[in-house]
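A short worksheet on the structure shown next.
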Amino acid sequence: MDKNLIQRTISGIVYVAVIILCTTPLGAQLINSISPDLVKQEYLYYGLITLLLGVGSWECFKIMKFGNGYERWIVFPLVIFIFYIFSKRYFHFDFFFDFRISEILALLLIVIAVVTLFKYPNELYFDSGKLIFTVIYVALPFSFALGLPKFSRFDDTFSLEVLFLFILIWSSDTFAYLTGKFFGKHKMAPKISPKKTWEGYIGGVVLTLVLSYFVEHYHPDLRGNWMVVGFLVAAFAPVGDLVESQLKRNFGVKDSGNIIPGHGGVLDRLDSFLICVPVVYLYFILEKFI
């Protein structure tokens, strides 16, 4: 058997296992079965997001090849500061999904960063542009991810929004790949991602909607309507992949890193997640007004 395939399979299983243990009550239950009351699930999830933020920020920093200006020295303090603000809200149960101007502006900044990447890439060759893009592209999505799950310290509950978000993203990628492989004829963005087709995109949307129906049916306790979430994930997950592909293409990089053997870096694995999180977060805000 191909050694690369074995490596990819093992690292993929470990990656999925870590996601499941850190986004469901299973992680805390497993650890506390060895040593009672050692950890709360919300701390495992926070640790996961913090780790992904740290590695993702470093990968983006390396991809964009910062110069020797002051920007390279303040990018990580800015990332940490923004994450700290959201961390305070996370531990004080302050994610109410109200219409806050600051949150809407932060979400708008992500849109502006993506548009800049595709329409005005020359702006990102300046260290100031690299600084702003890194903070917006990495720090904000991971910070918003802290607001997706609900948990209670009184009865040790932890909701499953993030787990099912990952599952829908994985299903969207898988269904789009399979549909595109067998039926794909019309290229979606040949210069950025040659293998993506519109047939694959449509297949990913349809089949992910089918899966999201079962999520909504069997988990009515989740925040929002998951048929809507499934559509948003299937529609925007490919955008996340295109964004990261364009970023690497602009700076002549093949992979964002190698922390996951055979799969690349954190940004390679979580490119769809970085775009889907803000979109789903915005939906949860708007859903309260519908």
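The values are calculated or read from the model by the stated rules, or taken from the named source; none is laboratory data. Model, not experiment: these values are computed from the prediction. Note that each Cβ is placed from the backbone with ideal geometry, even for glycine, and that neighbours are counted across all protein chains shown. Just the protein is used for accessible areas: all its heavy atoms, side chains included, with ligands, DNA and RNA removed. Shrake-Rupley method; radii C 1.70, N 1.55, O 1.52, S 1.80 Å.
Within the range 242-267, the set of residues being open to solvent by less than 40 Å² (accessible area, probe 1.4 Å) and assigned to a helix (DSSP H, G or I) comprises 242, 243, 244, 245, 246, 247, 248, 250, 266, 267.
Listed by first and then second residue, the pairs linking a residue in the range 271-290 that is in a helix (DSSP H, G or I) to a residue that is modelled with pLDDT of 95 or more and among the hydroxyl-bearing types (Ser, Thr, Tyr), with Cβ atoms under 8 Å apart and 6 or more places separating them unless they lie on different chains, are 274/137. In the set (1) open to solvent by less than 70 Å² (accessible area, probe 1.4 Å); (2) under 19 Å from residue 16 (Cβ atoms); (3) among the aliphatic types (A, V, I, L, M), the condition left unmet by residue 229 is number (2).
For the range 56-79, the set of residues classified as open to solvent by less than 30 Å² (accessible area, probe 1.4 Å) and assigned to a helix (DSSP H, G or I) consists of 56, 57, 59, 60, 61, 63, 64, 71, 75, 79, listed by residue number. For the range 165-211: of the residues being of a type outside the set (A, V, I, L, M) and in a strand (DSSP E or B), which is most open to solvent (accessible area, probe 1.4 Å)? Here the answer is 195. Of all residues in the range 108-149, those satisfying the criterion of being among the hydroxyl-bearing types (Ser, Thr, Tyr) and open to solvent by less than 20 Å² (accessible area, probe 1.4 Å) are 134, 137, 143. Taking first residues from the range 107-131 that are without any contact (Cβ under 8 Å) to a residue 12 or more places away in the chain and partners that are part of a helix (DSSP H, G or I), the Cβ contacts under 6 Å between residues at least 6 apart in sequence or on separate chains come to 123/116; 123/129. Does the range 115-133 include one or more residues that are over 25 Å from residue 25 (Cα atoms), part of a helix (DSSP H, G or I) and in contact with a Cys (Cβ under 9 Å, 6 or more places away or on another chain)? Among the residues of the range 115-133, at least one is over 25 Å from residue 25 (Cα atoms), part of a helix (DSSP H, G or I) and in contact with a Cys (Cβ under 9 Å, 6 or more places away or on another chain), which makes the answer yes. I'm trying to understand the selection: among the residues of the range 1-49, which are part of a helix (DSSP H, G or I), of a type outside the set (Gly, Ala, Ser), without any contact (Cβ under 8 Å) to a residue 60 or more places away in the chain and surrounded by 14 or more Cβ atoms within 10 Å (Cβ to Cβ)? 18, 21, 22, 26, 31, 32, 43, 44, 48 - these are the residues of the range 1-49 that are part of a helix (DSSP H, G or I), of a type outside the set (Gly, Ala, Ser), without any contact (Cβ under 8 Å) to a residue 60 or more places away in the chain and surrounded by 14 or more Cβ atoms within 10 Å (Cβ to Cβ). Pairs meeting the criteria (first residue in the range 65-84 and under 22 Å from residue 250 (Cα atoms), second residue in a loop (DSSP other than H, G, I, E, B), beta carbons under 8 Å, at least 6 apart or on different chains) are 65/251; 72/66; 75/66. Taking (1) touching a residue at least 12 places away in the same chain (Cβ under 8 Å); (2) within 24 Å of residue 137 (Cβ to Cβ) in turn, residue 215 satisfies each apart from (2). Tell me, please, whether a residue that is part of a helix (DSSP H, G or I), within 17 Å of residue 273 (Cβ to Cβ) and open to solvent by less than 30 Å² (accessible area, probe 1.4 Å) can be found in the range 83-90. So far as the range 83-90 goes, yes, one or more of its residues are part of a helix (DSSP H, G or I), within 17 Å of residue 273 (Cβ to Cβ) and open to solvent by less than 30 Å² (accessible area, probe 1.4 Å).
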